[in-house]
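Novice: My structure is below; once you've seen it, I'll send some questions.
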Amino acid sequence: MSKILIIEDEAAIRRVLNKIISEENDSYNVEEAEDGLQGIEMIMNNDYDLVFCDIKMPKMDGVEVLEKAKKIKPETPIVMISGHGDLETAVNTMRLGAFDYISKPPDLNRLLNTVRNALDRKELVIENKRLKKKVSKSYQMVGDSKAITHIKDIIEKVAPTDARVLITGPNGTGKELVAHWLHEKSNRCKAPMIEVNCAAIPSELIESELFGHVKGSFTGANKDRAGKFEAANGGTIFLDEIGDMSLSAQAKVLRALQESKISRVGSDKDIKVNVRIVAATNKDLKKEIAEGRFREDLYHRLAVILINVPGLNDRREDIPLLVDFFSQKIAEEQGGAKKAFSNDAIQLLQEYDWTGNIRELRNVVERLIILGENEVSKKDVNLFASK
């Protein structure tokens, strides 16, 4: 049932609006406020799907109500009600966040269309928030160790900028989580984040994968194809395992960074791109540079901000939180109840040598949940977590 509030000091207008809206759909629950102060109080104490608000009212005018309501319930669509003399003010309220405005006396079709559109938009906003929360939960960074807290602080500072970031650390530590957080907290979050695993693509195909190709440029190129840089235009491209990229592809990436343009394989036509580059590697790039396998100029372009993700052995104090997080996630995935871990089981897990880092811990937790008792014990860890 949709809940709608009408804030209007003229009783006759309130009655007309209430009658029109209520008769349109019996699932609309319409409430009334006779002035702005009462309206704000009702908005504070209720969750409305739509608010109608008159502009000229005693005690508190509609513009002030709009500004206060947007701070209290920013997602609630607010439609302003304007008299002929208020039309310019009504238009200005759109800049302040009003969803729409209707004139007095209200036109029946215009009013009902506004109601439907506003309620549809509220549902979309809620669904988008739900999906975004789901995505964010998938890439949640768990831990409150000094190292992880430091990384989170850097992300908060760096994410809103377009600064390029190089993420280093051993395999399985969660470098991709850092990349996703950087994107989700950036101004580019509504645009795509495109991931490229440079180690998984054959060296002869990496340039085509990144920059696209034109028909006939090589055997098997049967049609023009856009690359990852074009797909990420306006957003972020995450170059994972960039230390495995060929030198020729490195040269093209460097050009893309310097000139904000790329060219497809087999073409001399430039294509402008606007992407933020986040890269990651488990290699020592300075050693790779010294041995001639990585371009020093590209390294300095990528490493504007350096984030090193520590191995799990260097943040053992996070293991209890990680075990709890994985237990909850696995229970949700498998549709079962979350299993508890005894204190001595957790303590034993903290003593392990986690060469596979977070990825290995996740696998061990899943194994213990499947094979262990109702409460995973130290005995279960000794039996099933051994390597």
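Novice: Test of understanding: express the Cα radius of gyration of segment 248-305 as a ratio to 2.2 N^0.38 Å, with N the residue count.
Specialist: 1.23
Novice: I'd like the distance separating the alpha-carbon centroids of segment 262-305 and segment 70-120, in whole Å.
Specialist: Answer, in whole Å: 50.
Novice: By counting other Cβ atoms within 10 Å of each Cβ, how are Cys53, Cys198, Cys189 ranked from fewest to most?
Specialist: Fewest to most other Cβ atoms nearby, the residues stand as Cys189, Cys198, Cys53.
Novice: Sort Phe218, Phe325 so the one with the fewest other Cβ atoms within 10 Å of its own Cβ comes first.
Specialist: The most exposed by this proxy come first: Phe218, Phe325.
Novice: Distance check, please: which entries in Lys185/Lys269; Lys215/Lys283; Lys152/Lys228 exceed 29 angstrom between their Cα atoms?
Specialist: With Cα atoms farther than 29 Å apart: Lys185/Lys269; Lys215/Lys283.
Novice: OK, next. Choose one answer from Gln347, Gln250, Gln38: the residue with the largest mean-square fluctuation in a GNM of the chain with alpha-carbon springs under 10 Å.
Specialist: Ranking Gln347, Gln250, Gln38 by mean-square fluctuation puts Gln38 first.
Novice: Averaged over all directions, how much area does the convex hull of the C-alpha atoms of the chain cover when projected, in nm²?
Specialist: 27.1
Novice: How far apart, in nm, are the 7 Å Cα→Cβ label points at Thr355 and Ser386?
Specialist: Distance between the two pseudo-spin positions: 1.7 nm.
Novice: What is the fewest-to-most order of Tyr28, Tyr48 by other Cβ atoms lying within 10 Å of their Cβ?
Specialist: Arranged by neighbour count, lowest to highest, Tyr28, Tyr48 become Tyr28, Tyr48.
Novice: With label points built 7 Å along Cα→Cβ from the Cα atoms of Asn171 and Lys70, find their separation and express it in nm.
Specialist: 5.2
Novice: Can you give me the long-range amide H partners of Glu31? Hydrogens built in the peptide plane at 1.01 Å from N, cutoff under 5 Å, separation of 5 or more residues or another chain.
Specialist: Ile4, Leu5, Ile6
Novice: Report, in debye and to the nearest 20, how large the dipole of segment 1-126 comes out about its Cα centre when Lys and Arg carry +1 and Asp and Glu carry -1 on their Cβ.
Specialist: Dipole size: approximately 260 debye.
Novice: With a 10 Å radius around each residue's Cβ, average the other Cβ atoms per peptide and rank 162-175, 88-101, highest first.
Specialist: 162-175, 88-101
Novice: Continuing with the same structure: Among Gln350, Gln140, Gln258, determine the one that fluctuates most according to a GNM of the chain built with springs between C-alpha atoms less than 10 Å apart.
Specialist: Largest GNM mean-square fluctuation: Gln258.
Novice: GNM, the chain, Cα, under 10 Å: largest mean-square fluctuation among Asn18, Asn274, Asn313?
Specialist: With Cα springs under 10 Å in the chain, the top fluctuation among Asn18, Asn274, Asn313 is at Asn18.
Novice: Roughly how far apart, in whole Å, are the Cα centres of segment 353-377 and segment 214-256?
Specialist: Here the answer is 38 Å between Cα centres.
Novice: Another question, then. Taking every DSSP beta bridge that has both residues in segment 193-307, what percent is antiparallel when rounded to the nearest 5?
Specialist: 25
Novice: Moving on. Can you compute the modelled spin-label distance between Leu321 and Leu306, with each label point 7 Å from Cα toward Cβ, in nm?
Specialist: Between Leu321 and Leu306, the simple spin-label model gives 2.5 nm.
Novice: Then there's this: Nearest 0.05, what FRET efficiency do Glu291 and Arg367 give at R0 = 41 Å with Cβ-Cβ as r?
Specialist: 0.55
Novice: Long-range amide H contacts for Met193: which residues qualify at under 5 Å (H placed 1.01 Å from N, peptide plane, sequence gap of 5 or more or a different chain)?
Specialist: Distant-sequence amide H within range of Met193: Thr236.
Every number in this text was worked out from the coordinates using simple rules, so none of it is lab data. This structure is a prediction, so every number in the text was calculated from the model and none was measured. Using ideal geometry, Cβ is built from the backbone for each residue, glycine included, and neighbour counts are taken over all protein chains shown.
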